[in-house]
Amino acid sequence: MPQISVIVPVYKVELYLRRCIDSILSQTFTDFELILVDDGSPDNCPAICDEYALKDNRIHVIHQKNGGLSAARNAGIDYVLANSDSEWISFVDSDDWVHPNYLEYLFRAVLKTKTNISVCGVRRVEKEEKSSTVSFCVVTKPWDQLYLESWIHGVVAWNKLYNKELFIGLRYPIGKIHEDEYLTYKLLARAGIISFVNADLYFYFQNPGGIIKSGYSLAKLNIIPALKEQCKFAKKNGLTDLYLDKRQTLLVKILEQINLCKEAKNLSKNEQNQGMRYLRRELRKYLFFEREYIAQIDSKKWYYELAYPNIMWFYWTCVGITGKIKKAIRRNV
């Protein structure tokens, strides 16, 4: 049985799917199985998956109704835990591709360091690139240090090799985007010490039709409760640096989402009002509860303008009226 199970969620990526699969089948490490999860893709992806499965007996295809990225990843995890003797799981998104040494170096890292997760470097690309020769270099880091250092290394599901037992009792949340933000930190915390391969072995394709670059929707507000959960987890476990970092990130995301929601042209007026009410409520909670942690709040009065627009309008109106009265008094003295 294979050492590693590679899970690829597949949905509306027929232009890129062959490139992804070919990069996995071209690995220098060959003791793996490839789980292609067709998440009800309406294009030619299901046929492409079946075509590859006929050519290579390491490939297993799961066809299911569309449930989203989390549902597809979960289906792959469930299949591996129920049907495979592999010890390790790795995710690759179907519009990305990997270096020929991707699995070899990640696997060598966990064996050398006796860790339960290994992570590699990532290269953001907008077009296909030839893979250059890279050397193997691995260091170990506490999980929270890795999480603090880089979003691309810490948060995302891909670019990692996981001991599959880490997923017992844990799954990606169904129906949410930013699903990585809800789960990856829990997996890293279970592992404790992480091995980091200092080489760009994962190619993250900037797909113009992907989730990240799609138009604004209220689903993007999922990032707010995900970050709140991370803050709660860090505080509960005494991880002060991580807590402060995620509190600051939460503030930035709230302010960012307020701007995006306010400027979104594709939202109905009702959707826009719903989003702004939620975001203003979250900003008010932040301003009330986080004063002791975020010193800059007092120097950023415009936060209050965003959180309490009606009250602040009344305040500034009163200030203006008061100013006019004072000027009139001075003129008459």
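The values are calculated or read from the model by the stated rules, or taken from the named source; none is laboratory data. As the structure is a prediction and not an experimental result, all values here were calculated from the model. Quick reminder, even Gly has a Cβ in these numbers, built from the backbone with ideal geometry, and neighbours come from all protein chains shown.
Note on the stretch 264-286: residues that are touching a residue at least 24 places away in the same chain (Cβ under 8 Å) and of a type outside the set (Gly, Ala, Ser) amount to 11. In the stretch 189-221, of all residues being of a type in the set (S, T, N, Q) and modelled with pLDDT under 95, the one that is farthest from the chain's Cα centre (by Cα) corresponds to Asn198. Restricting attention to the stretch 230-239, report how many residues are of a type outside the set (Lys, Arg), part of a helix (DSSP H, G or I) and surrounded by fewer than 16 Cβ atoms within 10 Å (Cβ to Cβ). Within the stretch 230-239, residues that are of a type outside the set (Lys, Arg), part of a helix (DSSP H, G or I) and surrounded by fewer than 16 Cβ atoms within 10 Å (Cβ to Cβ) number 0. As a summary of the residue check, Tyr102 satisfies the conditions (1) of a type in the set (Ser, Thr, Tyr); (2) free of Cβ contacts under 8 Å to residues at least 12 places away in the same chain; (3) buried (at least 23 other Cβ atoms within 10 Å of the Cβ) except for the one numbered (2). Here Ser5 meets each of (1) among the hydroxyl-bearing types (Ser, Thr, Tyr); (2) farther than 14 Å from Ser94 by Cα; (3) surrounded by fewer than 21 Cβ atoms within 10 Å (Cβ to Cβ) with one exception, condition (3).
Select from the stretch 173-190 the residues that are in contact (Cβ under 8 Å) with a residue 60 or more places away in the chain and surrounded by fewer than 22 Cβ atoms within 10 Å (Cβ to Cβ) and list them in ascending order. Of everything in the stretch 173-190, those that are in contact (Cβ under 8 Å) with a residue 60 or more places away in the chain and surrounded by fewer than 22 Cβ atoms within 10 Å (Cβ to Cβ) turn out to be Pro173, Ile174, Gly175, Lys176, Ile177, Leu187, Arg190. Contact annotation: residue pairs with Cβ atoms under 8 Å, 6 or more positions apart or on different chains, pairing a residue in the stretch 218-231 that is over 16 Å from Val155 (Cα atoms) with a partner that is of a type in the set (Lys, Arg), are Ala219/Lys176. Quick one: is Leu242 part of a helix (DSSP H, G or I) and closer than 30 Å to Asn101 by Cα? Judged against the criteria, Leu242 is not a match. Screening the stretch 1-96 for helices (runs of 4 or more DSSP H) wholly inside it with 2 or more residues that are of a type outside the set (A, V, I, L, M) and more than 25 Å from the chain's Cα centre (by Cα) returns the ranges 45-55. Scoring Glu51 on the criteria (1) under 12 Å from Ile21 (Cα atoms); (2) touching a helix residue (DSSP H, G or I) at 6+ places or on another chain (Cβ under 7 Å); (3) among the charged types (D, E, K, R) leaves a single failure, condition (2). There is no residue in the stretch 168-186 that is in contact with a strand residue (DSSP E or B) (Cβ under 7 Å, 6 or more places away or on another chain) and outside the structural domain of Gln230 (by TED's automatic domain parsing). The selection criterion, being in the same structural domain as Thr28 (by TED's automatic domain parsing), under 29 Å from Thr240 (Cβ atoms), modelled with pLDDT under 95 and within 20 Å of the chain's Cα centre (by Cα), does not hold for Ile117. It is to be established whether one or more residues within the stretch 57-72 are touching a residue at least 40 places away in the same chain (Cβ under 8 Å), surrounded by fewer than 22 Cβ atoms within 10 Å (Cβ to Cβ) and under 16 Å from Thr30 (Cβ atoms). The answer is yes, given that some residue of the stretch 57-72 is touching a residue at least 40 places away in the same chain (Cβ under 8 Å), surrounded by fewer than 22 Cβ atoms within 10 Å (Cβ to Cβ) and under 16 Å from Thr30 (Cβ atoms).
For the stretch 124-135, the set of residues classified as exposed (fewer than 13 other Cβ atoms within 10 Å of the Cβ) and either in contact with a strand residue (DSSP E or B) (Cβ under 6 Å, 6 or more places away or on another chain) or assigned to a helix (DSSP H, G or I) (or both) consists of Arg124 only.
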